[in-house]
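The values are calculated or read from the model by the stated rules, or taken from the named source; none is laboratory data. This structure is a prediction, so every number in the text was calculated from the model and none was measured. Cβ placement follows ideal geometry from the backbone for every residue including glycine, while neighbour counts extend to all protein chains displayed. We work out accessible area using only protein heavy atoms, side chains counted, and drop any ligands, DNA or RNA first. Shrake-Rupley method; radii C 1.70, N 1.55, O 1.52, S 1.80 Å.
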Amino acid sequence: MRLNSASVASTEATVFPYDRSNILPGIVHLGVGAFHRAHQAVYIDQLLSTDPSWGIIGASLRRADAADALNPQDGLYTLAVKDTAGAKYRIVGSLLSVIDASGNREPLLERMTDPAIRIVSLTITEKGYCLDPATGTLDRRHRDIVADLAAPHEPRSAIGIIVEALSRRRQSGTMPFTVLSCDNLPDNGQVTKNAVVELANLRDKALGNWISANVTFPGTMVDRIVPATTEEDRQVISRITGLEDAAPVMTEPFTQWVVVDDFSAGRPALETVGVQIVNNVEPFEKMKLRMLNGSHSTLAYLGYLKGHETVADAIADPQLETLIHEMMTNEIIPTLDMPDGTDLLAYRDSLIERFRNRALKHRTWQIAMDGSQKLPQRLLNTIRDRLAAGKSFDHLAAGVAGWMRYVTGTDLSGNPIDVRDPLAEPLKEIGRKHKGDFVGLVRSYVQIEAIFGRDLCRNQEFIKGITAALKAHFA
Ligand code: CS2
């Protein structure tokens, strides 16, 4: 039997504790992938019994699969929380439906102009923002942005969709929604604001000014490890709950959401369900991106190349464990400036424990994706700080060297790697050209300004460090 509003009564799993017929939509969420369903949607699920006005309407922008899987289930899905001690299953009810906007944006735009919608949140991954990764500003030459300027009422990019929806709200005299980025970008609120205002300005200065003055973009730090769901997970979860679920998600017990309190159109009482509401999210964001994501990417590239399929396998490799431990302790922590009371050594230890979670099959290949978009905030900015302080960065350099070796597109035995990255082709081309020549490889890669900026390509200390790491790990 398929999971849906009628069948849910028969499951053994824990079920959302409210009457769904009372729930009203208050949030539109762009990008209803596994991360959103295991993070924000779960926090909202926990508060709907006290405030039913914040139901979520999801939207998928690129593919129809989320809508196809979730709508026949009335938006319901199973959340499986797993660690080595066991698993807990819960049916989440906060996602009311999913708009398939992959072909036609109009139904989504109409929903976004509904005054009941007071928050538009996003998990569209780094590349979804159409930024220059090195500077974090809108890439005006991005083909989706070019298309959005040519046809602003039929936007392609998420940024274009937000601008168009805000423009319609302005025209109809409807108060704007808050734009809530939940992606792993440094300064995600401000970066999203800059991109939205810049695109709006290119359309119409008055619109840009209005957005700038009236729309808020709270910064957030989001954290929960959520591997992609596999067919096997789907089968196991359906068997356990007794209901066939085409869109379950699997995650770890840990979850964290830190949000700046800046919602112009009101917000749910997030603090009642464990969200940390702060005035300044920047230190938390930096801590998480550098410590967790920086380690994750390093484990992904070096781990993949050493033949480790999952993060748990990679961290069980004593050499990699030592590298990650030392990288965090000696090279990352000294670059962080945290509010009093933050114990960074305890944070480090908890991250290593989370990486060890064998119940999650988090593939190194999955994390290795889109490295060109991730490297600056995860590793390169930390290296910049180390260089400026005249300090060593050997372990961080190993992560960058791992990325360079990985994106050549051939593994250490000469087999092809399925590199998924917006820059995959040029990256592999450079790899082919400089096969076996580490010096040439580094010199060519660092010229990619979108990743390395204008500074690192000229920094001899940096180039020397990365070349030495490539030799040390791969010669
Ligand atoms: C991972 C993140 O796929 C990746 O790049 O590093 O998705 C990571 O699992 C989350 O940021 C954890 O909060």
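Quick notes on this structure:
- Test: residue in the range 268-290 that is within 16 Å of the ligand (Cβ to nearest atom), closer than 20 Å to ALA228 by Cβ, surrounded by 22 or more Cβ atoms within 10 Å (Cβ to Cβ) and not aliphatic (A, V, I, L, M): no
- If you check VAL236, VAL258, VAL215, VAL226 for being more than 19 Å from the chain's Cα centre (by Cα) and crowded, with 17+ Cβ neighbours inside 10 Å, only one passes: VAL215.
- Flag for LEU166 being more than 16 Å from the ligand (Cβ to nearest atom), out of contact with any Asp or Glu (no Cβ under 9 Å at 6 or more places or on another chain) and open to solvent by less than 50 Å² (accessible area, probe 1.4 Å): yes
- Matching option when the condition is of a type in the set (D, E, K, R), in contact with a helix residue (DSSP H, G or I) (Cβ under 6 Å, 6 or more places away or on another chain) and touching a residue at least 12 places away in the same chain (Cβ under 8 Å), among ARG384, ARG405: ARG405
- Tally, over the range 175-212, of residues that are under 16 Å from LEU289 (Cβ atoms), open to solvent by 10 Å² or more (accessible area, probe 1.4 Å) and assigned to a loop (DSSP other than H, G, I, E, B): 5
- Any hit, the range 124-133, residues being modelled with pLDDT under 95, outside the structural domain of GLN447 (by TED's automatic domain parsing) and open to solvent by 20 Å² or more (accessible area, probe 1.4 Å): yes
- Criterion violated by PRO155 - all others in (1) closer than 19 Å to LEU109 by Cβ; (2) assigned to a loop (DSSP other than H, G, I, E, B); (3) open to solvent by 10 Å² or more (accessible area, probe 1.4 Å) satisfied: (3)
- Considering the conditions (1) more than 16 Å from the ligand (Cβ to nearest atom); (2) surrounded by 16 or more Cβ atoms within 10 Å (Cβ to Cβ), GLY242 is excluded by exactly one of them, (2).
- Checking ILE162, ILE237 one by one, the residue that is hydrophobic (A, V, I, L, M, F, W, C) and either touching a Lys or Arg at 6+ places or on another chain (Cβ under 6 Å) or more than 24 Å from LEU270 (Cα to Cα) (or both) is ILE237 and no other.
- Residue pairs meeting the criteria (Cβ under 6 Å; at least 6 apart or on separate chains; first within 16 Å of THR220 (Cα to Cα), in the range 120-144; second in a loop (DSSP other than H, G, I, E, B) and open to solvent by 50 Å² or more (accessible area, probe 1.4 Å)): none
- Looking across ALA398, ALA359, one residue alone is aliphatic (A, V, I, L, M) and away from the ligand (no atom under 16 Å from the Cβ). It is ALA398.
- Residues considered: ILE333, ILE315. Of these, the only one that is of a type in the set (Val, Ile, Thr), over 25 Å from PRO227 (Cα atoms) and out of contact with any His (no Cβ under 7 Å at 6 or more places or on another chain) is ILE333.
- Single residue of PRO17, PRO25, PRO107, PRO72 found to be touching a Leu at 6+ places or on another chain (Cβ under 8 Å), open to solvent by 10 Å² or more (accessible area, probe 1.4 Å) and modelled with pLDDT of 95 or more: PRO25
- Residue count for the range 270-303, restricted to those that are in contact with an Asp or Glu (Cβ under 8 Å, 6 or more places away or on another chain) and touching a residue at least 24 places away in the same chain (Cβ under 8 Å): 6
- Residue among VAL179, VAL222 that alone is within 16 Å of the ligand (Cβ to nearest atom), closer than 15 Å to LEU122 by Cα and β-branched (Val, Ile, Thr): VAL222
- The sole residue among ILE383, ILE332 that is assigned by TED's automatic domain parsing to the domain that holds LEU305 and closer than 24 Å to THR310 by Cα is ILE332.
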